[in-house]
Amino acid sequence: MRLVVMVSGSGTNLQAIIDALHKGDVDVDIVAVGADKPCVGLERAEAAGIDTFLVPLANYPEREQWNRSLERAIANYNPDRVVFAGFMRIVDAQLVERFAGRIINTHPSLLPSFPGAHAVRDAMNFGVKVTGATVHEVVADVDAGPILAQVAVPVQSEDTEESLHERIKSAERGLLVNALAALSREVNFDLPIEEQS
Ligand code: GAR
């Protein structure tokens, strides 16, 4: 299963996939790691000898152009799946359609609760006693696609946003690796990626 992994930050979920494939725990090939900005995630990919690409939003006068450029950069690698592993940008419906059913995202809450960019903070502010992480298929609406896997994480009274997010990420990494292992056993080769325009 050819994966393009998209990151924006520390890339610990990416690292978990790299470690799992080195251990033989998951049968995937990370053909490239892309990012919207220079970040530790890209450095992790480079350290592992994986191809990288950078498509910074700031380089494009219109968001539409950024989406098309990102779409081409991903399509260049003919991925079976695209993994948003801490990718903090919203992509447009055309990009989602181009890789329909093949993009998966990991999110630090039990969706459909607490979608968006501040899921951990929002869950804490609401006062939930249990939150977690969700691996789901990406659709045009943000954080709304079919759920593939979830893990629950209890909130502790002394938690800060940072401590809770770290505990969620510890659980999330295993969840993502397990979800990819399951998906890699049922790669659908009947869905060819369109020719690049
Ligand atoms: C993860 O918790 C992921 O769910 C979250 O960013 C973190 C990335 O950590 N993504 C989102 O919030 C997307 N809305 P990492 O860079 O260490 O893998």
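Some notes on this structure:
- Computed over neighbours whose Cβ is under 9 Å from that of Q94, the net charge equals -2, Lys and Arg +1, Asp and Glu -1.
- Label zone at E64, where the point sits 7 Å out along the Cα-to-Cβ direction: the stretch 88-120 residues whose backbone N lies under 20 Å: 90-99
- One chain, two ends: E161 and N78. Fully extended at 0.36 nm per residue, the span grows by 26.1 nm beyond their Cα-Cα distance.
- The C-alpha atoms of the chain define a longest principal axis, and helix 63-75 lies at about 70 degrees to it.
- The relative contact order of the stretch 22-80, computed from alpha carbon pairs under 8 Å that lie at least 6 residues apart in sequence, is 30 percent.
- When the P(r) of the chain is calculated, the portion above 26 Å amounts to 30% of the C-alpha pairs.
- Which of V153, N178, P79, positive extreme of dipole for the chain (C-beta unit charges): V153
- Per-peptide packing, taken as the mean over residues of other Cβ atoms within 10 Å, places 22-29, 171-178, 93-100 in the sequence 171-178, 93-100, 22-29 from highest down.
- Note on the stretch 46-121: Cα convex hull, mean projected area over all directions, 6.5 nm².
- Rg ratio (alpha-carbon, reference 2.2 N^0.38 Å) - the stretch 79-177: 1.07
- What the phi angles of the stretch 7-16 give under the Karplus curve with 6.51, -1.76 and 1.60, with θ = phi - 60°, is a coupling list of 9, 9, x, 6, x, 6, 5, 4, 4, 5 Hz, glycine and proline written as x.
- From least to most packed, judged by other beta carbons within 10 angstrom and beginning with the fewest, S69, S163 follow the order S163, S69.
- Value of relative contact order over the chain, rounded to a whole percent, pairs C-alpha under 8 Å and six or more apart: 22
- Between the helical axis of 161-184 and the longest alpha-carbon principal axis of the chain there is an angle of about 50 degrees.
The numbers here are math on the coordinates, done by the rules we state, and not lab data. None of the values given here were measured: they were computed from a predicted structure. Note: ideal-geometry Cβ built from the backbone for every residue, glycine included; neighbour counts use all protein chains shown.
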